[in-house]
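Working notes, beginning with the structure itself.
The values are calculated or read from the model by the stated rules, or taken from the named source; none is laboratory data. Predicted model, so just to flag it, every value in this text is computed and none were measured. Backbone-built Cβ (ideal geometry, glycine too); neighbour counts: all protein chains shown.
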Amino acid sequence: MFKSSSLNWIGLSVTCAYVLTVTVIVFIKVEEFTSLKLNELGDFLAGVLGPIGILWLILGFFQQSRELQNSVDALNLQARELNDSVYQQKELVSLTREQLQEERERVHREEQARKIRIQPVIVARFEVLSTIGGNEFRYCLRVSNIGNSASNFQVRAFDGPEVICEHFERYIERGWASKALNAIDIIHGPRFRKPVSLIMSYQDEDGNQWTLRELHLPVEAKDGFDTFERASFERELSLEGRL
């Protein structure tokens, strides 16, 4: 299909050539042309100008067709660019979602690590303090903190459902260690061979209330006295779950 400038050039060239040809013919037959009546002159002009009008009508049709095709091409190009933009936006959204998820996981890991760092590390031992004689033994509970500080610390030792030892400290700092807590006289037999349950509670620096549960089992020692070793451990956050 011709370009717009080509169509204009063709139209002007043909029009000029046609007008020149008509002018020559009129000049040759000028006497006959001057003797035409008005209605005959009108018919002559209509016949002469008709082909020119039809020519420009055809050229205009091609011109509009070309412009319409250009518009269609531009719309197709815009559609492709829009599709590319939508795809890029989807990729950007997906990448942003992955980055946000990684950031959430990083923040969660840091928060969990911080929760662990601010926890006290309670070391509790239930052991023989001394013998009184015969079948009577004295046991005690020793507690120390080698972790972070905590407040409202409470520890209780259970023989089944019975509380055999209980102690409370308003504040325990790093390096805190109790003396022998609540020495207990046991007269159940030559040795106290029952498991001892310890329940300890405290508040960390964030004010969260935690509960520790330990089970200590007696282990026979070479000196004839039983020692107790921790068999299980559980840390529980009262409202938010566990670490």
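Just give me the residues in the stretch 205-221 being modelled with pLDDT under 80 and exposed (fewer than 15 other Cβ atoms within 10 Å of the Cβ), in sequence order.
Correct list: VAL219, GLU220, ALA221.
Among the residues of the stretch 23-42, is there at least one that is under 28 Å from SER13 (Cβ atoms), over 55 Å from the mean Cα position of the chain (by Cα), hydroxyl-bearing (Ser, Thr, Tyr) and surrounded by 10 or more Cβ atoms within 10 Å (Cβ to Cβ)?
yes
When only residues in the stretch 4-16 that are within 60 Å of the chain's Cα centre (by Cα) and surrounded by 11 or more Cβ atoms within 10 Å (Cβ to Cβ) count, which is modelled with the lowest pLDDT?
Per the stated criteria, the residue is SER4.
Can you tell me how many residues within the stretch 137-181 are part of a loop (DSSP other than H, G, I, E, B) and either under 18 Å from GLY207 (Cβ atoms) or of a type in the set (Ser, Thr, Tyr) (or both)?
5
Could you tell me whether the stretch 145-154 includes any residue that is surrounded by 15 or more Cβ atoms within 10 Å (Cβ to Cβ) and modelled with pLDDT under 85?
No, that holds for no residue.
Hey, any hits in the stretch 223-237 for a residue that's over 22 Å from GLU162 (Cβ atoms), in a loop (DSSP other than H, G, I, E, B), among the aliphatic types (A, V, I, L, M) and at pLDDT below 85?
no
I'm checking my understanding of the structure. Among residues of the stretch 170-179 that are at pLDDT below 90 and surrounded by 15 or more Cβ atoms within 10 Å (Cβ to Cβ), which one is nearest to CYS140 (Cα to Cα)?
Only one residue fits best here, namely SER178.
One residue is enough: does the stretch 184-204 have a residue meeting the conditions modelled with pLDDT under 75, assigned to a strand (DSSP E or B), within 24 Å of SER130 (Cα to Cα) and not acidic (Asp, Glu)?
Within the stretch 184-204, one or more residues are modelled with pLDDT under 75, assigned to a strand (DSSP E or B), within 24 Å of SER130 (Cα to Cα) and not acidic (Asp, Glu).
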